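For reference, the structure discussed in these notes is given below.
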Amino acid sequence: MRNTITIALKEFKSYLASPMAYVVTGIFLALTGFLFRYSAATYIETSIRGFVETGSLVLLLLAAVLAMRLLAEERKMGTLELLLTAPVRDSEVILGKFLGSLGILTAMLVLTFYYPILLMSFGDPDMGPIGTSYLGLFLLGCASLAIGIFASSLTSNQIVAAVVAGGILFALWFMGTVASYLPETVSEFISYFSLSTYVPAFTRGVVDSRGIIYYLSITALFLFLAVRSLENSRWS
Amino acid sequence: MIRVENLTKYYGKRLAVDNISFNVEKGEIVGFLGPNAAGKTTTMRILTGFLMPTRGEAWVAGYNVLSHSLEARQHIGYFAEAVPLYTDMTVRSYLDFLARLRGLDTKRIKTRIEDVVDICHLEEYVDVIIGKLSKGFRQRVGVAQAIIHEPEVLILDEPTIGIDPIQVAMTRQLIKGLGKERTILLSTHILPEVSMTCERVIIIHEGKIVAEDSIENLSSMISGSRRIRLEVEGPSEKIAERLRQIEGVHRVSYQDTNYTVECSAGQDPRGKIMETIVQGGWTLLSLEFIEMSLEDIFLKLTTEEETGQ
């Protein structure tokens, strides 16, 4: 655990020391700000639904960009050799990297709190859906980062890592939409495995246990795969 | 302290390390010598847990590197050939991070950072971003991180490559100093380095150990042939031909007036050589035995290996 925290803190600090985190946060705030303004002006409701529904897709892609350097850069710079020869478990390395990047993602989400604060000062928004929306975004962020870390563990090229992560994320996101053209029983089954299926419930204020379990499972699965991929590099 | 048994490593189909075994006793400084791509780095990477062997086993500080990798790694300080550094960190934060990963507590980290910075002469650079340091200083940071947790075993992969001669001398001095209390396996392809710093040498070539002994023993063992250098004034070709006819002489090579004569061990054909030259009416300017340098041993062993295949 101590090692995990050491690595998480180091990752968090190194994000803050590079322009990457600021650029990603800037893009996220600009796009979600636009979405929020647009929805506030067109919807006749005081909610953050407009920002969350499209914003979740933005979050997903930016998570892939945030995570792309985590292992690919270590591999390229040779510093992976330091980590893998230190008395640290591979799982601690992966978990540390995950928590470090999750710290940045959480900070990014916290920065958008001014949207609901604006709503509160001009209206009387229902805080339930706002809370569950953030929970949904956070869980989706966890899953996306895990996928990003897995992709980053496969290569020493950050761009390749981002593209692979983007590919997996897109496939999982649009799987539900594509499946809707298939017979109903099949499409329903497939949509259980889609990242986008559970977003609407969270934005409506429902704490969907299936959604929570799904996102956490995806997170655990891809972190596990990343650990295996790291172990595997010792056997190359 | 280090025990390697029948270690074999394939990269796909390419054989990098071929069934090697060796021991390094506590407190020894052992040179691991070989040309590029001989399997030095691969062996070291297996010892440090970065790679898993295809076959065979290894122990470091009593721990099996396969089954008790974490414990083994705890006792190793590793200087990797590529000098992996986080270039966006300062020297202090880098050392702090690695010391923490190796289980040192905050108080100890502080004193150890001071110690290693002092040992490696990094005082002025401790708060500088590593990315801004020159190659030589980066090398020192690499050494500093390897010794920060006071490991029993040091594995140093080409620690003096690519730095200027003054720093090379300093690094060697440092290694010798460290070797007083630690076990060191030092890889290099620079021969004088081994004779300067190591007590024993393991020569590896194409994944196999071709020789393993103390430096003195190696030179006498290889001196299955002794060499004599002489300087003679006269017709080179003719002189060389006459020298070859002398009993006990294997080979004669020459350049201008300088000749090198190889003869079997235990033989001393100097008298006969002198006689031959005087009989031919030429002028002998000098005549002496030459000791085989490590370089000669190395070349001899590795070229013999090649012709043997």
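Computed from the coordinates by the stated procedures, all read-outs in this text should not be read as laboratory data. Since the structure is predicted, the reported quantities are computational estimates derived from the model, not experimental observations. Neighbour counts are summed over all protein chains in view; Cβ atoms, including those assigned to glycine, are modelled from backbone coordinates with ideal geometry.
Angle check, please: helix B:270-280 long axis (alpha carbons) against the longest principal axis of chain B (alpha carbons), in degrees 0 to 90, nearest 10.
Rounded to the nearest ten degrees, it is 40.
In the Gaussian network model of chain B, springs joining C-alpha atoms below 10 Å, which of B:Ser286, B:Ser134, B:Ser67 carries the largest mean-square fluctuation?
Among B:Ser286, B:Ser134, B:Ser67, the largest GNM mean-square fluctuation belongs to B:Ser286.
Do you know the relative contact order of the range B:2-220, to the nearest whole percent, from alpha carbon pairs under 8 angstrom that are 6+ apart? Walk me through the intermediate numbers first.
Working: 423 pairs, mean separation 65.5, N = 219.
Relative contact order comes out at 30 percent.
Of B:Ile29, B:Ile161, B:Ile203, which has the largest mean-square fluctuation in a 10 Å C-alpha GNM of chain B?
Looking only at B:Ile29, B:Ile161, B:Ile203, the largest GNM fluctuation is found for B:Ile161.
When the scattering of chain B is computed by the Debye formula from its Cα atoms alone, each counted once and equally, what is log10 I(q)/I(0) at q = 0.14, 0.16 Å⁻¹?
-1.02, -1.21
Note down the net charge around B:Glu5, summing +1 for each Lys or Arg and -1 for each Asp or Glu among other residues with Cβ under 11 Å from its Cβ.
Working: positive: B:Arg3, B:Arg55; negative: B:Glu57.
Taking every Cβ under 11 Å from that of B:Glu5, the sum is +1.
For the range B:115-163 and the range A:169-196, what is the separation of their C-alpha centers, rounded to whole Å?
Here the two parts' Cα centres lie 54 Å apart.
Can you give the angle from 0 to 90° between the axis of helix B:91-101 and the longest principal axis of chain B, with both taken from C-alpha atoms, to the nearest 10?
Value to nearest ten degrees: 80.
Rule-of-thumb check for the range B:75-234: C-alpha Rg over 2.2 N^0.38 Å?
1.26
With Kirkwood's inverse mean 1/r over C-alpha pairs for Rh, give me the Rg to Rh ratio of the range A:1-100, two decimals please.
Values: Rg = 17.7 Å, Rh = 15.5 Å.
Radius of gyration relative to Kirkwood radius: 1.14.
Return the lysines within reach of B:Lys238: Cα separation strictly under 17 angstrom, same-chain partners fewer than 8 residues apart disregarded; answer none if there are no such residues.
Hits, sequence-local ones excluded: B:Lys272.
Can you list residues whose amide H is under 5 Å from B:Ile204's amide H, if they're 5+ apart or on another chain and H is modeled 1.01 Å from N?
B:Leu33, B:Gly34, B:Val210
Ratio to report: Rg/Rh of the range A:2-234, with Cα atoms as the point set and Rh obtained by the Kirkwood method; give two decimals. Mind dumping the intermediate values first?
Values: Rg = 18.3 Å, Rh = 18.4 Å.
Ratio of gyration radius to Kirkwood radius for the range A:2-234: 1.00.
Want the number for A:Val160 to A:Val178: 0.36 nm per residue separation, take away the alpha-carbon distance, what's left?
Working: separation 18, 0.36 × 18 = 6.48 nm, distance 2.52 nm.
The span from A:Val160 to A:Val178 would gain 4.0 nm if fully extended.
Where the convex hull is taken over the Cα atoms of the protein assembly as shown, what is its projected area averaged over directions, in nm²? Working shown, then result.
Values: hull surface 136.4 nm².
With the hull built on Cα positions only, its mean projection is 34.1 nm².
Peptide A:82-94: average number of partner chain Cβ atoms within 10 Å per residue? Can you show the working numbers first?
Numbers: counts 12, 4, 7, 16, 15, 13, 5, 2, 0, 0, 1, 1, 0.
Rounded to a whole number, the mean comes out at 6.
Can you give the three extents of the C-alpha atoms in the range B:224-291 along their principal axes, from longest to shortest, in whole Å?
Extents along the principal axes, in whole Å: 30, 20, 17.
DSSP H helices in chain A with Cα extent of 27 Å or more along the helix axis and mean Kyte-Doolittle hydropathy at least 1.6?
On the way: long enough: A:19-42 (34 Å, 1.22); A:90-111 (32 Å, 1.47); A:127-153 (39 Å, 1.45); A:158-179 (31 Å, 1.98); A:209-234 (38 Å, 0.71).
Counting only whole DSSP H runs, the qualifying helices are A:158-179.
Please list log₁₀ I(q)/I(0) at q = 0.11, 0.12, 0.13, 0.22 Å⁻¹ for the range B:27-107, using the Debye equation with identical point scatterers on the alpha-carbon positions.
-0.38, -0.45, -0.53, -1.17
Going by how many other beta carbons lie within 10 Å of each one, how would you line up B:Asp105, A:Asp208, B:Asp115, fewest first? Numbers along the way, then the final one.
Working: B:Asp105 10, A:Asp208 19, B:Asp115 14.
Going from least to most buried by this count: B:Asp105, B:Asp115, A:Asp208.
Please state the shape class of the range A:97-185: rounded when a/c is under 1.5, otherwise prolate if a/b exceeds b/c and oblate if not, all from the C-alpha gyration tensor.
Numbers: a/c = 3.12, a/b = 1.35, b/c = 2.31.
Oblate shape, in that a/c is at least 1.5 and b/c is the bigger or equal ratio.
Name the most mobile residue of A:Val186, A:Val24, A:Val164, meaning the one with the largest mean-square fluctuation, in a Gaussian network model of chain A with Cα contacts below 10 Å.
With Cα springs under 10 Å in chain A, the top fluctuation among A:Val186, A:Val24, A:Val164 is at A:Val186.
Could you work out how far helix B:135-147 tilts from the main Cα principal axis of chain B, as a 0 to 90 degree angle to the nearest 10?
Helix B:135-147 sits at roughly 70 degrees to that axis.
Give the dimensionless ratio obtained when the Cα radius of gyration of the range A:89-139 is divided by 2.2 N^0.38 Å. Mind showing how you got there, number by number?
On the way: Rg = 15.1 Å, N = 51, 2.2 N^0.38 = 9.8 Å.
With N residues counted in the range A:89-139, Rg over 2.2 N^0.38 Å equals 1.54.
Using a cut-off of 30 Å between alpha-carbon atoms, which lysines can reach A:Lys13, once sequence neighbours fewer than 8 places away in the same chain are excluded?
A:Lys76, A:Lys97, B:Lys107, B:Lys110, B:Lys132, B:Lys135
Quick one: net charge of B:Leu15's neighbours, Cβ under 13 Å, K/R +1, D/E -1?
Values: positive: B:Lys9, B:Lys13, B:Arg14, B:Arg55, B:Lys208; negative: B:Asp18, B:Glu206.
Taking every Cβ under 13 Å from that of B:Leu15, the sum is +3.
For the protein assembly as shown, what does the helix formula give at 222 nm: sum of -39500 (n - 2.57) over DSSP H segments with n ≥ 4, over the residue count, nearest 500 deg cm²/dmol? Before the final figure, lay out each step's value.
Values: 23 runs with 310 residues, N = 545.
After summing the helix terms and dividing by the residues of the protein assembly as shown, the value is -18000 deg cm²/dmol.
Using 0.36 nm times the number of residues separating A:Met1 and A:Ala201, minus their current alpha carbon distance, what extension gain do you get? Before the final figure, lay out the partial values.
On the way: separation 200, 0.36 × 200 = 72.00 nm, distance 3.42 nm.
My answer for the length gained is 68.6 nm.
Provide the FRET efficiency to the nearest 0.05 for the B:Asn258-B:Asn36 pair, computing r from the beta carbons and using R0 = 30 Å.
Working: r = 31 Å, r/R0 = 1.03.
Calculated transfer efficiency: 0.45.
Compute the relative contact order of chain A as a whole-number percentage, counting only Cα pairs closer than 8 Å that sit 6 or more residues apart in sequence. Don't jump to the answer; show the numbers that get you there.
Values: 316 pairs, mean separation 61.6, N = 236.
RCO, chain A: 26 percent.
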